[in-house]
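Have a look at the structure below before the remarks.
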Amino acid sequence: MSIHFFGIRHHGVGCARSLQQAFETLQPDIILIEGPPEANDLLPLASLNSMHPPVAILIYAPLQPKHAVYYPFAVFSPEWQAIQYGQRANIVTRFIDLPQSHQLAESINAEKEWLNKQQIELDKLKLEDQQSDQDQNLGVTTDSPDTHESLNKMLAETTELHSGDALKWLATAAGFSDVETWWDHLVEQREDSLDLFTSIEKMMTVARGALNQTLSEREAKREAHMRQMIRMAEKEGFQKIAVVCGAWHVPALQDMPSIKHDADLLKNLTKEKVTATWTPWTYGRLAQQSGYGAGIQAPGWYDHLWHRPKQAAMYWLTDIAQLLRKHDLDASSAHLIEILRLADTLASLRERSRAGLVELMDATQSILFGEHHAPLRLIEKDLLINDRLGTVPPETPLLPLPADVKRLQKNLRFKINTETQILELDLRQENHLEKSIFLHRLNLLGVAWGKIKKNYGKTGTYNETWQLEWQPEFELHLIEANIWGASVAEATNQKLCYDAEKTTRLDEITPLIECILLANATSAIEPVMLRIQSLAATTHDASTLMTAIAPLAKVMRYGNVRKTNLDAVAAVLDGLIQRACIALPLAATGINQEAANQLMTAIRAMDSAIHLLQQPAHTHAWFNALGKCARMQTTQALIAGRSVRILTEQAVWSVEETAQALAFACNNPINPLQTADWIEGFLQGSGLLLILNDVLFNIFNQWVSSLPDSVFIELLPLLRRTFSTFTSPERQQLGQRANVDGSAQLISQNDDQQPIDAIRAQRVLPLLGQIFATAHPIFSEQ
């Protein structure tokens with residue numbers, strides 16, 4: 001009986017290739033891999049032709065899907081190659097890490113403990129008298145080590161963090177600036193080396209001894225469980241046991257403590273029910289930039305090293321040339337030859353066996369770009385990562401909702417990839433309408449695969465432009481959303497009903513009607529409308545009522561395109577408009593500036609909604625309410641000015657009535673601030689009324705001119721705020737007009753005060769005669 005340990009780096013090309021050769025030589029009868037034992041039943045799926053890495057094993061708690069963990073694999077991952085070898089050779093293959101049923105249970109319990117502590121601290125704070133003390137104590141509690149003790153335990157230092165210091169020390173001793181470059185040169189660029197794992201084992205033994213760190217409780221339990229699984233394989237009679245694990249663990253697994261020692265560590269472990277499945281993954285998620293702890297710097301480069309070990313540099317440079325030419329940048333064959341030569345020279349100067357990624361990138365920068373770094377960023381984004389989405393076989397176990405999503409994606413002919421796609425939809429076409437409904441439903445379920453973009457050049461309500469970009473974590477979001485229903489349609493309806501039931505404000509629930517329309521969630525219309533009616537009956541605030549009307553009006557406009565019966569919406573909308581129009585005049589009386597600004601926003605939204613509906617009854621009620629606000633002297637000035645503005649624009653009021661209202665507002669020497677508020681409400685958003693109407697302009701101009709200097713300085717910030725809402729051409733025209741009128745007024749004043757000096761005027765007559773070529777005097781003396 002023999003046990004062979006293969007210490008690898010996760011996603012290491014050299015380790016994967018050497019592991020292949022080692023297995024061919026050793027011919028093990030069992031392969032033990034660092035990984036989740038819950039996924040052992042999924043291993044046969046890895047050998048199917050329809051499984052294409054990158055993929056990941058997803059382990060999650062069905063009752064709390066947010067507690068989940070991924071185990072990603074690329075084609076060049078040593079663990080993936082070990083799985084493939086085991087399936088091809090029909091060898092027993094097992095994962096031996098500490099089961100995630102225990103690890104997730106620990107994290108769930110830690111979260112509960114942390115939340116309980118937070119609640120206790122919050123209850124204590126509520127007993128204190130001063131709010132400032134509450135806020136201060138809350139901040140200290142949130143960040144204190146005692147409160148986060150359980151979270152620190154849950155997020156204990158991982159293996160990579162323990163090994164990172166030692167590897168950094170070794171890389172520095174070898175003359176490398178970072179661990180990635182050192183490991184790539186030492187291990188990944190080696191083609192086939194049977195002695196590689198022996199060297200790694202010795203290096204890690206020295207590193208763990210030199211680092212002399214105490215393992216976290218989590219890491220100790222993980223290594224204890226792996227040793228127990230090795231003992232189990234020995235007990236079952238396997239003769240050639242191959243153990244594939246992270247290089248850092250090899251010394252701990254070789255030096256077996258007593259069985260009792262490991263059993264004590266694994267005693268009384270809590271357990272949580274978990275489920276495992278395969279899910280597609282991306283190279284982008286394998287990269288260090290994604291935050292993945294075991295990430296690699298350049299998955300795209302490693303892919304070249306795996307498939308073309310002797311020609312990786314040449315193919316890499318070919319990809320660079322294609323990318324640059326695609327973006328209209330120079331990259332000739334001569335350039336590539338020079339880059340390859342320079343990279344080889346750099347490798348020789350750095351005493352390396354051959355050019356690696358660092359040498360190739362340095363040479364590319366020097367030959368092609370010089371001091372310009374932008375093209376290099378393009379290469380790093382598109383080629384170093386070389387993002388791609390893997391696929392999993394149809395036989396992969398799925399929950400009902402994710403399975404329904406995949407079925408709909410296939411039926412609607414969606415292409416699933418991580419690249420950004422622009423999708424133009426014409427909702428008059430049945431297939432396009434179904435795609436739109438599907439994307440809206442996914443958004444409601446928390447799967448933001450598509451985002452609506454502004455459609456420039458297409459103003460029809462039947463046009464939609466979507467930006468699609470699939471992310472691997474959407475698989476988990478679908479698992480979380482599975483609690484709402486077994487199909488996309490059912491889950492969407494249930495989620496909308498739940499959101500409506502928990503909403504307590506009218507202006508927060510009415511936007512759900514638009515969501516119902518866009519997602520064609522017809523089953524949710526009745527319960528949501530009942531909830532809206534319930535909230536509307538207890539809502540008396542005019543601002544809330546008017547804010548709630550705008551989404552409903554938008555829904556009524558889209559009804560014809562979406563082919564949805566909106567009679568129930570229309571009935572509720574009629575009632576809300578009537579109540580809002582009745583409540584507005586009273587709500588605009590005796591309010592402060594903050595409430596007036598809020599009501600002003602609601603009035604503008606309500607006005608847009610009334611224009612959108614184009615119902616005579618609604619329009620009449622709305623204009624009557626605005627007329628009351630405009631005429632009542634107790635109305636807040638900002639609201640009164642806006643009411644007059646709307647009535648004037650809609651030709652409800654004549655120019656004479658508007659001029660009278662403006663003159664009355666400006667005739668307030670006791671409180672000029674109130675006049676400024678009225679003018680802000682009247683003019684905010686556009687200055688066309690002043691530009692096109694001389695009477696209104698003169699009234700406003702005379703009021704400004706009559707202000708004393710001290711009052712003008714006081715009102716200047718308010719006036720500037722109002723004029724800042726005008727467009728640049730509007731401000732320019734008003735400025736020119738004010739300048740011309742001011743000059744004319746000054747000339748008129750000069751005419752009245754200073755008569756013409758005839759003697760001085762006579763002095764220019766000879767010069768004017770020469771200019772006009774006449775010998776006769778232009779003016780005769782009087």
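The values are calculated or read from the model by the stated rules, or taken from the named source; none is laboratory data. Note that the structure is predicted; figures quoted are calculated from it, not measured. Cβ: placed from backbone, ideal geometry, glycine included. Neighbour counts: every protein chain shown. Accessible surface areas use protein heavy atoms only, side chains included; no ligands, DNA or RNA. Shrake-Rupley method; radii C 1.70, N 1.55, O 1.52, S 1.80 Å.
Using +1 at the C-beta of Lys and Arg and -1 at the C-beta of Asp and Glu, which of Trp678, Leu265, Ile30 has the Cα lying farthest in the positive direction of the dipole of the chain?
Working it through, the farthest residue towards the positive pole turns out to be Ile30.
Heavy atoms only, probe 1.4 Å: what % of the accessible area of the chain goes to carbon and sulfur, would you let me know?
In the chain, the share of accessible area belonging to carbon and sulfur is 53 percent.
Contact order normalised by length for the chain, with contacts defined as Cα pairs under 8 Å and 6 or more residues apart; what percent is it?
Relative contact order comes out at 10 percent.
With a probe of 1.4 Å, find how much accessible area region 322-461 has per residue, and write the answer as a whole number in Å².
Value for region 322-461: 58 Å² per residue.
With labels modelled as points extended 7 Å from the Cα through the Cβ direction, what inter-label distance (nm, one decimal) is found for Glu526 paired with Ala334?
Going from the Glu526 label point to the Ala334 one covers 7.9 nm.
Taking a label point 7 Å from the Cα of Gln64 along the Cα→Cβ vector, which residues of region 79-117 have an amide N closer than 14 Å to it?
Residues 101-117 qualify, since their backbone N sits under 14 Å from the label point.
Report the gain in length on full extension from Arg377 to Ser348: 0.36 nm times residue separation, minus Cα-Cα distance, nm rounded to one decimal.
Full extension from Arg377 to Ser348 adds 7.8 nm.
DSSP loop trypsin sites (Lys or Arg not before Pro) in region 487-579 with at most 13 other Cβ atoms within 10 Å of their Cβ, which ones?
Passing both the DSSP loop test and the Cβ count: Arg505, Lys563.
Could you work out how far apart the two model spin labels at Asp362 and Glu714 are, taking each label as a point 7 Å from the Cα in the direction of the beta carbon, and quote it in nm?
My value for the distance between the label points is 7.2 nm.
Antiparallel as a % of all DSSP beta bridges within region 10-137, to the nearest 5?
Bridges in region 10-137 are about 65 percent antiparallel.
Calculate the FRET efficiency for Tyr498 and Lys454 from the Cβ-Cβ distance with a Förster distance of 25 Å, rounded to the nearest 0.05. Before the final figure, lay out the partial values.
Details: r = 30 Å, r/R0 = 1.22.
Approximately 0.25, to the nearest 0.05.
Given N residues in region 17-104, what is Rg(Cα) / (2.2 N^0.38 Å)?
That works out to 1.13 for region 17-104.
Over the heavy atoms of Asp541, what accessible area does a 1.4 Å probe trace out, to the nearest 10 Å²?
The value for Asp541 is about 80 Å².
Determine the gain in length on full extension of the stretch Met232-Ser706; use 0.36 nm per residue of separation and subtract their C-alpha separation, reporting nm with one decimal.
That pair, Met232 and Ser706, stretches by 160.9 nm at full extension.
For a quick check of understanding: with a 1.4 angstrom probe and all protein chains in place, what accessible area in square angstrom does Met203 have, to the nearest ten?
40 Å²
Could you rank the peptides 387-397, 760-770, 633-643 by their average count of other C-beta atoms within 10 Å per residue, with the highest value first? Can you show the working numbers first?
Working: 387-397: 17.3, 760-770: 10.7, 633-643: 23.0.
Going by the mean number of other Cβ atoms within 10 Å, highest first, we get 633-643, 387-397, 760-770.
Quick one: work out the % antiparallel among DSSP beta bridges in the chain, nearest 5. Before the final figure, lay out each step's value.
Numbers: 26 of 42 bridges.
Around 60 percent antiparallel, to the nearest 5.
Would you list His225, His611 from the most to the least accessible area, probe 1.4 Å? Provide the component values of the computation, followed by the final result.
Details: His225 25, His611 70 Å².
Solvent-accessible surface, decreasing: His611, His225.
Can you list which of the GluC sites (Glu not before Pro) found in region 215-320 are DSSP loop residues with at most 14 other C-beta atoms within 10 Å?
Those that pass, being in a loop and sparsely packed, are Glu236.
Specify the inter-centroid distance of region 689-705 and region 335-372, based on alpha-carbon positions, in whole Å.
Comparing the Cα centres of region 689-705 and region 335-372, I get a distance of 71 Å.
Heavy atoms only, probe 1.4 angstrom, no DNA, RNA or ligands counted: give me Glu657, Glu501 ranked by accessible area, highest first.
These residues rank, largest area first, as Glu501, Glu657.
Based on the alpha carbon coordinates of the chain, what radius of gyration and maximum Cα-Cα distance (Dmax) apply, in Å?
According to the Cα coordinates of the chain, Rg and Dmax are 37.8, 136 Å.
Largest first, what is the accessible-area ranking of Lys271, Lys435, Lys168 with a 1.4 Å probe? Provide the component values of the computation, followed by the final result.
Values: Lys271 150, Lys435 30, Lys168 130 Å².
Listed by decreasing accessible area, they come as Lys271, Lys168, Lys435.
Send over a whole-number figure in Å² for the accessible area per residue of region 42-120, probe 1.4 Å.
Normalised by residue count, the accessible surface of region 42-120 is 36 Å².
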